[in-house]
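Chemist: This is the structure I have questions about; it appears just below.
The values are calculated or read from the model by the stated rules, or taken from the named source; none is laboratory data. This is a predicted model, so every value here is computed, not measured. We place every Cβ from the backbone using ideal geometry, glycine too, and count neighbours over all the protein chains shown. Surface accessibility is based on the protein's heavy atoms, side chains included, excluding ligands, DNA and RNA. Shrake-Rupley method; radii C 1.70, N 1.55, O 1.52, S 1.80 Å.
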Amino acid sequence: MHTVQIVMADRDYAAQLEALLVRDGCHWVLHGETPDFARKGVVAMDLASFLRMRAVPPQPERVVLIAGREEIALRKAWDAGLRSVVYRDEPPQTVLLAIMAAELRVTMPLDSPSP
């Protein structure tokens, strides 16, 4: 099972995303006000939650940020080392794809040799 933490204020969007994740039977979904980076897995979070963080995420490759197209948000994500940003007007299916890509990054580090 893959753990995905959903940290976002838009409960409807979060519920849609959770439904997609649990449908395949391979995901365990947790909701919270703040991400718990001590837990394994991917964190899908909205911009407000990201901006409330006092420090850069310890493993930014695990974070999927759902944000607007504002330059300041994208710059902060870039500076923090985030690799996945999905615009908030995209459907939850797009976030699901970004989560799956982040799961692959976490399980197959970039510096590992190719099979």
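Chemist: Of all the residues that make up segment 16-30, how many are under 19 Å from Val85 (Cα atoms) and free of Cβ contacts under 8 Å to residues at least 60 places away in the same chain?
Modeler: Count: 1.
Chemist: Scan segment 12-50 for residues that are in a helix (DSSP H, G or I) and of a type in the set (Asp, Glu) and report the count.
Modeler: Final tally of qualifying residues: 2.
Chemist: For segment 1-21, how many residues meet the condition of being touching a Phe, Trp or Tyr at 6+ places or on another chain (Cβ under 8 Å) and either surrounded by 13 or more Cβ atoms within 10 Å (Cβ to Cβ) or at pLDDT 95 or above (or both)?
Modeler: The qualifying residues number 3.
Chemist: Please verify whether Val56 is part of a loop (DSSP other than H, G, I, E, B) and out of contact with any Cys (no Cβ under 7 Å at 6 or more places or on another chain), treating the condition exactly as stated.
Modeler: Yes.
Chemist: Could you tell me which of the residues Leu47, Leu51, Leu21 is more than 20 Å from Leu104 (Cα to Cα), aliphatic (A, V, I, L, M) and out of contact with any helix residue (DSSP H, G or I) (no Cβ under 6 Å at 6 or more places or on another chain)?
Modeler: Leu51
Chemist: Something else: Here's a check for you: in segment 53-75, which residue that is in contact with an Asp or Glu (Cβ under 9 Å, 6 or more places away or on another chain) and open to solvent by 70 Å² or more (accessible area, probe 1.4 Å) is modelled with the lowest pLDDT?
Modeler: Of everything passing the filter in segment 53-75, Val56 is modelled with the lowest pLDDT.
Chemist: Filter segment 59-76 down to the residues that are part of a loop (DSSP other than H, G, I, E, B) and closer than 20 Å to Arg39 by Cα and list them by number.
Modeler: Passing the criteria: only Gln59.
Chemist: So, one more: When you look at Gly81, is it modelled with pLDDT of 90 or more, on the phi > 0 side of the Ramachandran plot and surrounded by 14 or more Cβ atoms within 10 Å (Cβ to Cβ), yes or no?
Modeler: So Gly81 does not fit the description; no.
Chemist: Now for a different question. Going by the conditions given, is Val43 of a type outside the set (D, E, K, R), in contact with a Pro (Cβ under 9 Å, 6 or more places away or on another chain) and surrounded by 15 or more Cβ atoms within 10 Å (Cβ to Cβ)?
Modeler: Considered against the rule, which asks whether it is of a type outside the set (D, E, K, R), in contact with a Pro (Cβ under 9 Å, 6 or more places away or on another chain) and surrounded by 15 or more Cβ atoms within 10 Å (Cβ to Cβ), Val43 comes out as yes.
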